Amino acid sequence: MDEQKKNMLSLIQPTNTPHLGNYLGAMQNWVRLQNDYNCYFGIADLHSITVRQDPAKLRAQIKESYALLIAAGLDPEKSTLFVQGHNCHHAELSWILSCYTQFGELSRMTQFKDKSAKYSDNINAGLFTYPVLMAADILLYQADLVPVGADQKQHLELARNIAQRFNGVYGDTFTMPEPYITKTTAKVMSLQEPTKKMSKSDENPNASVWVLDDKDTIIRKFKRAVTDSEAEVCAREGKDGIINLMSIYSAVTGRSFEEIEAEFKGKGYGDFKLAVGEATADMLAPMQAEFKRISADKAYLENCMKQGAEKAYKATRKTLQKVHKKVGFVVL
Ligand code: TYM
């Protein structure tokens, strides 16, 4: 760990292959910022069981997500790449922090409200206390910066409130984390319902582009993207589908909205959709090739995971001991 650098942390759930929203909203920023911070990136396996999972599929997806972190360009030597459940400190701090979190605060979480409506036959306690575990993830590593998509903002605010409350009672214990959210890709929308965010649990197979989709599939999904009955590529109100495609194209190519409007002036949506599809597929191709290569090397992956688990455990021991002391536990 470099004492000069600040800490950055973020996690992703292994509930499915990451989609374009996960990549553009979060992972891409992780890669961009990794040299400027002491980085901790994790696979949130503990969070994922708040919704019922098939065990064999979950295990495979944890490995796939982990390999994708490396394939995306995160360096397991420089950064700590870990699986959350491999470091028991997460669950332990989560319990302690739950005693400093109010029932009312958790009841106000929009993700809890959405998920309990969607999975109404399984509104378990974990679904309710999910944001406390997320606060534990963040505060355990004394994270200064947390790069996420806009949907995690409320959870981050809760983590800040918990930190402030704890620090207020016991004196400086936790670093106050700041969210890092990129404007254009904070919320990548579904290709089929552009007023809804792209989501891993969407049942419509054309709604999300998965980062491991092949080029033809990506182009086909973009071709089928829901837009509007006009034919002008511009970011006007009411053109949610086009604005979403423009945001994706902008994030992938680095072009501004003005440049995109100029590029497609006088052309139809067909040309535009094809360009977005091709650019997206080309951007993902190196990561896909790297993923294929890394996935074949099971020993390498397992070794990285083991090292990540050790590094994560060591990095968080001090914080947990400090917390134990502050609340009045006997530290041996
Ligand atoms: P998860 O697995 O749902 O998503 C991983 C990251 O992707 C972002 N994201 C999006 N960004 C833009 N557009 C979208 N449509 C979109 N969908 C998802 C998310 O904001 C996230 O940054 N609770 C977290 C995982 C987590 C975590 C943490 C994150 C657990 N502990 C500690 C940060 C810090 C989650 O479910 O992300």
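Could you identify the single residue in 156, 140 that is buried (at least 23 other Cβ atoms within 10 Å of the Cβ) and not assigned by TED's automatic domain parsing to the domain that holds residue 251? Lay out the reasoning, then the answer.
On the way: 156 fails: buried (at least 23 other Cβ atoms within 10 Å of the Cβ).
Result of the check over 156, 140: 140.
Which of the residues spanning the stretch 197-219 are under 19 Å from the mean Cα position of the chain (by Cα) and either of a type in the set (Val, Ile, Thr) or away from the ligand (no atom under 16 Å from the Cβ) (or both)?
Once the filter is applied, which keeps residues that are under 19 Å from the mean Cα position of the chain (by Cα) and either of a type in the set (Val, Ile, Thr) or away from the ligand (no atom under 16 Å from the Cβ) (or both), the stretch 197-219 yields 209, 211.
A quick yes/no check of all residues on (1) surrounded by fewer than 22 Cβ atoms within 10 Å (Cβ to Cβ); (2) in the same structural domain as residue 23 (by TED's automatic domain parsing); (3) more than 20 Å from residue 136 (Cα to Cα):
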{"position": "44", "(1), (2), (3)": "no, yes, no"}
{"position": "56", "(1), (2), (3)": "yes, yes, yes"}
{"position": "69", "(1), (2), (3)": "no, yes, yes"}
{"position": "75", "(1), (2), (3)": "yes, yes, yes"}
{"position": "80", "(1), (2), (3)": "no, yes, no"}
{"position": "84", "(1), (2), (3)": "no, yes, no"}
{"position": "88", "(1), (2), (3)": "yes, yes, no"}
{"position": "92", "(1), (2), (3)": "yes, yes, no"}
{"position": "98", "(1), (2), (3)": "yes, yes, no"}
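Which condition number in (1) farther than 18 Å from residue 253 by Cβ; (2) over 20 Å from the mean Cα position of the chain (by Cα); (3) in contact (Cβ under 8 Å) with a residue 24 or more places away in the chain is the one that residue 222 fails?
Of (1) farther than 18 Å from residue 253 by Cβ; (2) over 20 Å from the mean Cα position of the chain (by Cα); (3) in contact (Cβ under 8 Å) with a residue 24 or more places away in the chain, only one is false for residue 222: (1).
Is the stretch 10-25 home to any residue that is among the β-branched types (Val, Ile, Thr), over 22 Å from residue 307 (Cβ atoms) and within 14 Å of the ligand (Cβ to nearest atom)?
Yes, because at least one residue in the stretch 10-25 is among the β-branched types (Val, Ile, Thr), over 22 Å from residue 307 (Cβ atoms) and within 14 Å of the ligand (Cβ to nearest atom).
Determine which single condition residue 229 fails, assuming it passes every other condition in (1) small (Gly, Ala, Ser); (2) loosely packed, with under 15 Cβ neighbours inside 10 Å; (3) in contact with a helix residue (DSSP H, G or I) (Cβ under 9 Å, 6 or more places away or on another chain).
(3)
Against the condition more than 12 Å from the ligand (Cβ to nearest atom) and in a helix (DSSP H, G or I), how does residue 266 come out, does it pass? Break it down into steps so the answer makes sense when it comes.
Details: more than 12 Å from the ligand (Cβ to nearest atom): yes; in a helix (DSSP H, G or I): no.
For residue 266, the condition - more than 12 Å from the ligand (Cβ to nearest atom) and in a helix (DSSP H, G or I) - is not met.
Pairs under 8 Å by beta carbon, first residue aromatic (Phe, Trp, Tyr) in the stretch 296-324, partner buried (at least 16 other Cβ atoms within 10 Å of the Cβ), six or more apart or different chains?
Pairs that qualify, where the first residue is aromatic (Phe, Trp, Tyr) and the partner is buried (at least 16 other Cβ atoms within 10 Å of the Cβ), are 300/294; 313/86; 313/87; 313/89.
Can you tell me which residues in the stretch 64-106 are within 24 Å of residue 174 (Cα to Cα) and small (Gly, Ala, Ser)?
Of everything in the stretch 64-106, those that are within 24 Å of residue 174 (Cα to Cα) and small (Gly, Ala, Ser) turn out to be 79, 85, 91, 94, 98, 104.
How many residues does the stretch 148-176 contain that are within 16 Å of the ligand (Cβ to nearest atom) and basic (Lys, Arg)?
Counting residues in the stretch 148-176 that are within 16 Å of the ligand (Cβ to nearest atom) and basic (Lys, Arg) gives 2.
The values are calculated or read from the model by the stated rules, or taken from the named source; none is laboratory data. These numbers come from a predicted model, not from an experiment. Cβ coordinates were reconstructed from backbone atoms using ideal geometry, including for glycine residues, and neighbour counts include every protein chain displayed.
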